[in-house]
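The values are calculated or read from the model by the stated rules, or taken from the named source; none is laboratory data. Because the structure is a prediction, the values reported are computed rather than measured. Cβ placement follows ideal geometry from the backbone for every residue including glycine, while neighbour counts extend to all protein chains displayed. To get the accessible areas, we keep the full protein, side chains included, count just its heavy atoms, and leave off ligands, DNA and RNA. Shrake-Rupley method; radii C 1.70, N 1.55, O 1.52, S 1.80 Å.
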Amino acid sequence: MTAVAAEPAVTVNDGPLLPIFAWEGVPAAEATPERFKELADAGFTISFSGAPDNATVTKMLDAAETAGVKLYISSAELHSDPEGTARLFKNHPALGGYHLVDEPSAKSFGDLGAWTRRIQSVDAEHPVYINLLPTYGNPEGWGTPDYATYVERFLAEVPTQQLSYDHYPIVQGAADSPVTLRSDFYENLEICSAAAREANRPLWTFALLVAHTPYPIPTLAHLRLQAYSDLAYGTDTLQYFTYWTPVSTIWNFHEAPINPEGKRTPTYDLVKAFNAELQAVRGVFVGSQVESVGHTGAAIPAGTKPFAAAAPIKSLQTEGTGVVASRLAKGDQRFLVLVNRDLHQPTTATVEFDGSTRVSAVAKDGTLQPLEGATHSVAIEPGDVAIYAWQAE
């Protein structure tokens, strides 16, 4: 008897990788093919570290190319001669884009807009990158009366190809005090996600990899809650701060994936495994558009909305703190993404479907597991995700 080959499992992963950006990636002094391969092996597709001059940028780009890593560049000449620098590097295969500044005030938006346009006059293909402050900045830092105005003014005055901001939500006081979630984390996502959609710009967000007061050494639950929440709100590129541990006289940075001496820490293996986990379900998120985001729980986060069921979802019940519940659309595919907002406790989510279409659960390897019956309950670990998929009518 001839054996019948098993049919391949249906998977959501039929497209490009999720872009994963390493802030303080391979530093200029360590820019070798081996170091960039090490970064790529940990699941990073993009690296950023500043360089003193364009000659150093050239060496960094050449080394990054050997590992298939894209590099965002910054140098003194990018400031003094932006057109010449863009002209020099725009055809390099490893160029990812141009980094200008981090966390600017609105007072500088006019100058940043002019700088951006000078680069884009030579190279309109590669993104010009500027990263904004979070909601827990202050009006003095923003240079505006409120945070929403800060974001709106940036989008109106600075024509970058994306909207990027950082927000590090997981904090701890003393070493023996509890780890908690900032109350404005989801409000920041609400503001920036909506603004990015309105401006038709991709949203870029962060997860924190390097410990420093008041931020603890990351755990898997910490990374999951940040990344899956970001992705549920439509993040296009996930950024990590940082890959290489910075040396600072102000911040007590420690336990990033690579320490200041260039040695791997346990965080390297943690983020390597987690980046692989993300890529295994990337098809849910890459290229998807947010249809709606809501929250469950007795007390939903500030600035957010309660989840509202809509076909084919009849109801959603959760225990404990509650979940982020996001509906995403990609072509004729639809997804329901549930993220456990609790850093410490698992939750159970029970979804009732109306029977109008066939629904599958998306497994951690990206395969689709058809559901039987109208009601499905799933246990979700702290910060983790559960995903459902169906075809649009």
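For the chain, set up a Gaussian network in which alpha carbons nearer than 10 Å are linked by springs, and say which option among Pro16, Pro346, Pro169 fluctuates the most.
So, out of Pro16, Pro346, Pro169, the one fluctuating most is Pro16.
At a Förster distance of 51 Å, what's the computed FRET efficiency of Ala363 paired with Ala124, Cβ-Cβ distance as r, to 0.05?
0.80
Before anything else, pin down the relative contact order of the chain: Cα pairs under 8 Å, at least 6 apart, normalised by residue count, whole percent.
Relative CO of the chain lands at 15 percent.
Counting alpha carbon pairs within less than 8 Å and at least 6 residues apart, what relative contact order, in whole percent, applies to the range 132-185?
Normalised by residue count, the contact order of the range 132-185 is 33 percent.
Along the Cα-to-Cβ line of Glu393, 7 Å from the Cα, sits a label point; which residues in the range 286-311 have backbone N less than 17 Å from it?
What the label zone holds, given the 17 Å backbone N cut-off, is 309-311.
Quick check on packing: order 111-117, 201-207 by the mean number of other C-beta atoms within 10 Å, highest mean leading.
Ranking the peptides 111-117, 201-207 by packing returns 201-207, 111-117.
In deg cm²/dmol and to the nearest 500, what is the mean residue ellipticity at 222 nm of the chain if only DSSP H runs of at least 4 residues count, each as -39500 (n - 2.57), divided by the residue total?
-8000 deg cm²/dmol
Stretched out fully, how many nm does the piece from Lys59 to Gln289 gain, at 0.36 nm a residue minus the Cα gap?
Result for the pair: 79.0 nm of gain on full extension.
Measuring from label point to label point, each 7 Å out along Cα→Cβ, what is the Glu140 to Glu261 span in nm?
3.9 nm
Taking 0.36 nm per residue of separation and subtracting the Cα-Cα distance, what length does fully extending Ala29 through Thr350 add?
The span from Ala29 to Thr350 would gain 110.4 nm if fully extended.
Could you please state how large a percent of the accessible area of the chain is carbon and sulfur, counting protein chains only and using a 1.4 Å probe?
That fraction is 54 percent.
Return a whole-number percent for the relative contact order of the range 333-393, with Cα pairs under 8 Å and 6 or more residues apart as the contact set.
It comes to 53 percent, rounded to a whole number.
In nm, what is the difference between 0.36 nm times the number of residues separating Glu198 and Thr66 and their Cα-Cα distance?
43.7 nm
What whole-number value in cubic angstrom gives the convex hull volume per residue for the C-alpha atoms of the range 159-306?
Value for the range 159-306: 137 Å³ per residue.
Provide, for the chain, the number of lysine pairs with alpha carbons under 21 Å apart, each pair being eight or more places apart or on different chains.
Lysine pairs meeting both conditions in the chain amount to 12.
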